[in-house]
1. Are any residues in segment 177-231 of a type in the set (Ser, Thr, Tyr) and part of a loop (DSSP other than H, G, I, E, B), and if so, which ones?
2. Kindly provide the set of residues from segment 47-69 that are part of a loop (DSSP other than H, G, I, E, B) and surrounded by 14 or more Cβ atoms within 10 Å (Cβ to Cβ), ordered by number.
3. Any residue at all in segment 158-172 that is surrounded by fewer than 17 Cβ atoms within 10 Å (Cβ to Cβ), outside the structural domain of Ile32 (by TED's automatic domain parsing), in contact with a strand residue (DSSP E or B) (Cβ under 6 Å, 6 or more places away or on another chain) and over 30 Å from Asn49 (Cβ atoms)?
4. Quickly run through segment 46-89 and pick out the residues that are among the charged types (D, E, K, R) and out of contact with any Gly (no Cβ under 9 Å at 6 or more places or on another chain).
5. What is the number of the single condition among (1) of a type in the set (Val, Ile, Thr); (2) touching a Ser or Thr at 6+ places or on another chain (Cβ under 8 Å); (3) assigned to a helix (DSSP H, G or I) that Val75 does not meet?
6. Considering each residue of segment 54-80, count those that are under 18 Å from Asn232 (Cβ atoms) and without any contact (Cβ under 8 Å) to a residue 12 or more places away in the chain, and give that number.
7. Run Ile228 past the list (1) modelled with pLDDT under 95; (2) out of contact with any strand residue (DSSP E or B) (no Cβ under 8 Å at 6 or more places or on another chain) and report the number of the one that doesn't hold.
8. Can you tell which of Tyr184, Tyr179 is touching a residue at least 24 places away in the same chain (Cβ under 8 Å), under 27 Å from His93 (Cβ atoms), crowded, with 16+ Cβ neighbours inside 10 Å and touching an Asp or Glu at 6+ places or on another chain (Cβ under 9 Å)?
Amino acid sequence: MSKYCVALMLVLAMGNGAIAAQLSFNAQNTIITFDNPVKLADVLEKLPNPHAAYWAGAGIYELDSAQAEAQRAHVMSLLAALIHEQTDGTERHMLLSNMYRDISNWHLMRRLDIDVDYDQARLNSKRNPGFVSGRYYIKAKPQVASIDLMGQLQESVTLAFENAFTVSDYLASVESSDYADNDYVYVIEPNGKLTKQGIAYWNDTHYKPMPGSVIFVPLQTGLFSNDIDQLNDQIAKLLQHRM
């Protein structure tokens, strides 16, 4: 065999390896790679123990997407503008500065808008999307029996999940800050679904969050400027991508 043929075979082999590496999934500390486009069901089938996962809280994240960081940058710009309007050393200046610091430290990855469920992916073609290329992280863990509360509270806390508890019941167990909105909170379910729930006596939705949910207490509307609504919405949307 000529040296030219050997060299050509090596190039082709390297090329095939590069193609294979273009589609990979990190799931439960296991790297799963595919040489060709693949369906979700085929990926989930390769998980170490798919039947042990809490699929209502599962998600797929795109490792190389810049979207989540772009969303963070927008939130940071809104916060920076509000901080600039406050007098140094005041309580409001410190509050917004602490929010700026905390959000800058969040670990973010773009969460895909996909309902991830092993059985549904196998049985329902609409729940079985395809993947052509890219690197992804699959969150598929056992169910957690807790609820996280964060935002305008004296401190972020994790409470035990109670089947009969509504959002208002969980909030009754914590102390809100003086700047907390008393009418609405945001709920980020473990499947990534985001909703805004009423908590006041006149609009209480009596919403029962799923185990593993995050309750985000926003800033009071109109507290600083008309931009607070937009800021609250953007922070809540960013939480959908928080790891």
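The values are calculated or read from the model by the stated rules, or taken from the named source; none is laboratory data. Since the model is a prediction, treat every value here as computed from it, not as a measurement. Glycine also receives a Cβ, built like all others from the backbone with ideal geometry; neighbour counts cover every protein chain displayed.
1. Matches in segment 177-231: Ser177, Tyr179, Tyr201, Thr205, Tyr207, Ser213, Thr221, Ser225.
2. Answer for segment 47-69, where residues must be part of a loop (DSSP other than H, G, I, E, B) and surrounded by 14 or more Cβ atoms within 10 Å (Cβ to Cβ): Leu47, Ala53, Tyr54, Ala58, Ser65.
3. No, that holds for no residue.
4. Residues satisfying the conditions are Lys46, Glu69, Arg72, Glu85, Asp88.
5. Unmet for Val75, out of (1) of a type in the set (Val, Ile, Thr); (2) touching a Ser or Thr at 6+ places or on another chain (Cβ under 8 Å); (3) assigned to a helix (DSSP H, G or I): (2).
6. The total comes to 2.
7. (2)
8. Tyr179
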